[in-house]
Amino acid sequence: MLRALFLAPPGAGKGTQGPGLARAHRVPYIATGDMLRAHVADGTPIGQAATAYMDRGELVPDDLVVQMVYDRITSPERLSGFVLDGFPRTIAQAEAAYEWGRAAGSTFHAVLSLTVPDDELLRRIVERGKQSGRSDDDLDTFRHRLEVYKAETEPLIQYYRSRGILREVDGTGSVDEVGGRLEAALDGLDLT
Ligand code: ADP
């Protein structure tokens, strides 16, 4: 069963492509941004700790996110497949995920890096902000999220490239075109 994750800047289309990819492979789609927003909406301790970071476009502290994803993946029983969106986002998170995966003999099969030029990301996010009502979709916060992505998350591209599991996919074009490229990028993988 597929164990893949998306590695892409905000606005690149993870949330658009992720659910379809997960459905096609019959695995759960796990989006840490959605999980955190649900915690905020429910007023849980995790939500209370996370909300200020999210509103500023900062990353939520690693220990909090790592525990949240670990719980989702391991209980009530360990998932053997998933599509992750939004995790890992730092090298420390990636190292934690690798430790769990190695211990269980179930490391990631593929890391899908969706590439979209910055000006196209900005255009998309302005559109989304009009519709989503998400508190972090205004332009200044978005610019900051992009900076945080480049500083904290982009180094993961090299991390996963050196492990041989990075698949780079052009994220421009129609939803179907990008979806087709994603499927093609997974072709021939041994998903055991
Ligand atoms: P996007 O990728 O469009 O910026 P997400 O919905 O994935 O948005 O994430 C929204 C916010 O949730 C992030 O800006 C960050 O504050 C928080 N977040 C989500 N995933 C993580 C993570 N793995 N580590 C730290 N913070 C996270």
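The values are calculated or read from the model by the stated rules, or taken from the named source; none is laboratory data. Keep in mind it's a predicted model, so treat the numbers as computed, not measured. All Cβ positions, even for glycine, are placed from backbone atoms using ideal geometry, and neighbour counts span all protein chains on display. We work out accessible area using only protein heavy atoms, side chains counted, and drop any ligands, DNA or RNA first. Shrake-Rupley method; radii C 1.70, N 1.55, O 1.52, S 1.80 Å.
Go through 181, 161, 124 for me and flag whichever is at pLDDT below 95 and not in a strand (DSSP E or B). I'd like the intermediate steps shown before the answer.
On the way: 181 fails: at pLDDT below 95; 161 fails: at pLDDT below 95.
Residue meeting the stated conditions: 124.
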Exercise. Any idea which residue in the stretch 40-53 is nearest to the ligand (Cβ to nearest atom), counting only those that are loosely packed, with under 15 Cβ neighbours inside 10 Å and part of a helix (DSSP H, G or I)?
Worked result: 52
For this session: Could you look through the stretch 54-107, keep only residues that are of a type in the set (Lys, Arg) and in a helix (DSSP H, G or I), and pick out the one that is farthest from the ligand (Cβ to nearest atom)?
Result: 102
Exercise. With respect to residue 161, is the statement that it is away from the ligand (no atom under 16 Å from the Cβ) and basic (Lys, Arg) true?
Worked result: yes
Problem set entry | Complete set of residues in the stretch 23-50 that are under 17 Å from residue 89 (Cβ atoms) and touching a helix residue (DSSP H, G or I) at 6+ places or on another chain (Cβ under 7 Å) | 29, 30, 31, 32, 35, 36, 39, 46, 49, 50
Exercise. Can you tell me which residue in the stretch 118-130 is nearest to residue 94 (Cα to Cα), limited to those that are open to solvent by less than 50 Å² (accessible area, probe 1.4 Å) and in contact (Cβ under 8 Å) with a residue 40 or more places away in the chain?
Worked result: 121
Exercise. With (1) open to solvent by 80 Å² or more (accessible area, probe 1.4 Å); (2) in contact with a strand residue (DSSP E or B) (Cβ under 7 Å, 6 or more places away or on another chain); (3) hydroxyl-bearing (Ser, Thr, Tyr) as the list, and residue 162 as the residue in question, which single condition is left unmet?
Worked result: (2)
Exercise. In the set 89, 56, 26, 78, which member is out of contact with any strand residue (DSSP E or B) (no Cβ under 8 Å at 6 or more places or on another chain), open to solvent by 50 Å² or more (accessible area, probe 1.4 Å) and farther than 26 Å from residue 166 by Cα?
Worked result: 56
Seminar exercise, completed: If we keep only residues of the stretch 142-170 that are more than 15 Å from the chain's Cα centre (by Cα) and among the aromatic types (Phe, Trp, Tyr), then the residue nearest to residue 56 (Cα to Cα) is 142
Exercise. Which residues, counting only those in the stretch 131-152, are in contact with a helix residue (DSSP H, G or I) (Cβ under 9 Å, 6 or more places away or on another chain), surrounded by 12 or more Cβ atoms within 10 Å (Cβ to Cβ) and part of a helix (DSSP H, G or I)?
Worked result: 141, 142, 143, 144, 145, 146, 152
Seminar exercise, completed: Note on the stretch 40-86: residues under 22 Å from residue 112 (Cα atoms), among the aromatic types (Phe, Trp, Tyr) and without any contact (Cβ under 8 Å) to a residue 40 or more places away in the chain are 70
Problem set entry | Any chance residue 113 is part of a loop (DSSP other than H, G, I, E, B) and within 24 Å of residue 22 (Cα to Cα) | no
Problem set entry | Test: residue 13 is within 11 Å of the ligand (Cβ to nearest atom) and open to solvent by less than 40 Å² (accessible area, probe 1.4 Å) | yes
Exercise. Just checking, which of 37, 23 is closer than 21 Å to residue 136 by Cβ and assigned to a helix (DSSP H, G or I)?
Worked result: 37
